[in-house]
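Since the structure comes first, as structure tokens, the remarks are kept for the end.
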């Protein structure tokens, strides 16, 4: 597999992560290609000269996968390198929010292993094309996030005469106008109160920036519309930006914006989805009225201690009690409402990921584990939301279900239990079960029959 690496030049503190990435790629016997500017930076600034198979110096790429190392800005620049070449992009977040670059540095090795096992999904994202006179500088007049028409340094407004499919819409007066894709709806457009659009929606959005009229609002349009803009300003010129790449145009310039004839392909870990990203990155539904622990169950480890003010002792949440495997279980004070919310969330998660064939039985099992405070399920929940990988968390839940079946359904074969609990193979199930319970599943089955 040929893999290209693209990064920014502000990553001195990420040196260990970058080196770990190179080590992992070499262990997987990949061909490694690095963007020349990024490679020079690694050699010059952080004293790292990893072995590579070549340097990327032109936009003619022969890669199976592009990896972006940085934030969303680096991801957008990587998308500009890839262009219409249909190369999937994996974004590793070494920046701040990381909406496009959403793989944490702690998950690099697990993610690459999943990619080599082909356990991932690819999302196709629409792209905007800008036609203008004079043409936008360079060869890439496209934007994955948004095209922004903005005033420059003075306080004077600009006027943007707007038509859709050659039918007049309105004159926008204000600081500017954004034309955003669904991907860009969570970026600049969202900061000016534009709507969030799911990636599968075939729409674009026109979001005015500080409009002079109070009754002007963002407008969602079909993606197959052609948008015509004519811009006038007292300042004689204004700014046009494509995903942050900007150029100055004179007053009176005219633009045509339409959907490009290609898409950008984003690599996503299974079972990652857009709604999970909303919860984790934008903290949708995080509630200061409930505990930090319960928020972490729903929204992951991104919830920091200083984000939520309320406290709740671990005895009120037995699912999250931090206990060693061999420790004696504590006697928790069970709060039914909190437990029901946790159970409902876990049930929804399992149904969504199709891990178990019987959601109602799964709920019953989890309720039993909750009230008896089984150590291995407590550990599973704790590990799944406090630093370990999502796959480890899922495997712990699978083991809990398999163990239940071995005890309560002794007539089932080991193969049937393996399939029902969602393990890809008996060999994998046997290994994890032996590590968890100190015996093979067949031995547990024999003891149950006795």
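Take the residues of the stretch 231-244 that are part of a strand (DSSP E or B) and within 35 Å of the chain's Cα centre (by Cα): which is surrounded by the most Cβ atoms within 10 Å (Cβ to Cβ)?
Looking at the filtered set, the residue picked out is 242.
Has the stretch 146-165 got any residue that is in the same structural domain as residue 187 (by TED's automatic domain parsing), in contact with a helix residue (DSSP H, G or I) (Cβ under 8 Å, 6 or more places away or on another chain) and either in a loop (DSSP other than H, G, I, E, B) or modelled with pLDDT of 90 or more (or both)?
Yes, the conditions are met somewhere in the stretch 146-165.
Only residues in the stretch 421-445 that are at positive phi count as the first member; pair them with residues that are in a helix (DSSP H, G or I), Cβ under 6 angstrom, at least 6 apart or cross-chain, and list the lot.
Pairs that qualify, where the first residue is at positive phi and the partner is in a helix (DSSP H, G or I), are 422/398.
Return yes or no: is residue 57 touching a residue at least 12 places away in the same chain (Cβ under 8 Å) and more than 21 Å from residue 105 (Cβ to Cβ)?
Spelling it out, residue 57 is indeed touching a residue at least 12 places away in the same chain (Cβ under 8 Å) and more than 21 Å from residue 105 (Cβ to Cβ).
Working carefully through the options 33, 10, find the one that is at pLDDT below 90 and in contact with a strand residue (DSSP E or B) (Cβ under 9 Å, 6 or more places away or on another chain).
From the options 33, 10, the qualifying one is 10.
Just name the residue that is farthest from the chain's Cα centre (by Cα) out of those in the stretch 28-54 that are within 13 Å of residue 1 (Cβ to Cβ) and outside any strand (DSSP E or B).
Of everything passing the filter in the stretch 28-54, 53 is farthest from the chain's Cα centre (by Cα).
Any residue that is farther than 30 Å from residue 232 by Cα, in contact (Cβ under 8 Å) with a residue 24 or more places away in the chain and either more than 19 Å from the chain's Cα centre (by Cα) or in a strand (DSSP E or B) (or both) - is there at least one of those in the stretch 96-112?
Scanning the stretch 96-112 turns up at least one residue that is farther than 30 Å from residue 232 by Cα, in contact (Cβ under 8 Å) with a residue 24 or more places away in the chain and either more than 19 Å from the chain's Cα centre (by Cα) or in a strand (DSSP E or B) (or both).
Here is a list of conditions, (1) assigned to a helix (DSSP H, G or I); (2) modelled with pLDDT of 95 or more, and residue 221 meets all of them except one; can you say which number that is?
Residue 221 satisfies all of (1) assigned to a helix (DSSP H, G or I); (2) modelled with pLDDT of 95 or more except (1).
Would you check which residues across the stretch 76-123 are touching a strand residue (DSSP E or B) at 6+ places or on another chain (Cβ under 6 Å) and closer than 27 Å to residue 222 by Cβ and list them?
Answer for the stretch 76-123, where residues must be touching a strand residue (DSSP E or B) at 6+ places or on another chain (Cβ under 6 Å) and closer than 27 Å to residue 222 by Cβ: 79, 82, 88, 89, 100, 121, 122, 123.
Would you pick out the residues in the stretch 245-275 that are modelled with pLDDT of 90 or more and assigned to a loop (DSSP other than H, G, I, E, B)?
Once the filter is applied, which keeps residues that are modelled with pLDDT of 90 or more and assigned to a loop (DSSP other than H, G, I, E, B), the stretch 245-275 yields 251, 252, 253, 260, 261, 262, 263.
Please go through the stretch 66-87 and give me each residue that is more than 16 Å from residue 244 (Cβ to Cβ), surrounded by fewer than 20 Cβ atoms within 10 Å (Cβ to Cβ) and within 17 Å of the chain's Cα centre (by Cα), ordered by number.
none
Out of the stretch 43-53, which residues are farther than 24 Å from residue 110 by Cα and either at pLDDT 90 or above or surrounded by 14 or more Cβ atoms within 10 Å (Cβ to Cβ) (or both)?
If the condition is that a residue be farther than 24 Å from residue 110 by Cα and either at pLDDT 90 or above or surrounded by 14 or more Cβ atoms within 10 Å (Cβ to Cβ) (or both), then 46 is the only one that fits.
If you scan the stretch 55-79, which residues turn out to be farther than 28 Å from residue 97 by Cα and assigned to a strand (DSSP E or B)?
The answer is 55, and nothing else.
With the requirement that a residue be at pLDDT below 95, in contact with a strand residue (DSSP E or B) (Cβ under 9 Å, 6 or more places away or on another chain) and assigned to a loop (DSSP other than H, G, I, E, B), what does the stretch 196-216 give you?
Answer for the stretch 196-216, where residues must be at pLDDT below 95, in contact with a strand residue (DSSP E or B) (Cβ under 9 Å, 6 or more places away or on another chain) and assigned to a loop (DSSP other than H, G, I, E, B): 199, 200, 201, 202, 212, 213, 216.
If residue 168 satisfies every condition in (1) touching a residue at least 24 places away in the same chain (Cβ under 8 Å); (2) in a strand (DSSP E or B) but one, which is the exception?
Tallying (1) touching a residue at least 24 places away in the same chain (Cβ under 8 Å); (2) in a strand (DSSP E or B), residue 168 fails exactly one: (1).
Residue 193: assigned to a strand (DSSP E or B), loosely packed, with under 15 Cβ neighbours inside 10 Å, in the same structural domain as residue 250 (by TED's automatic domain parsing) and out of contact with any helix residue (DSSP H, G or I) (no Cβ under 7 Å at 6 or more places or on another chain), yes or no?
no
The values are calculated or read from the model by the stated rules, or taken from the named source; none is laboratory data. Note that this is a predicted model, so its numbers are computed, not measured. Positions of Cβ are backbone-derived with ideal geometry, glycine not excepted, and every protein chain shown enters the neighbour counts.
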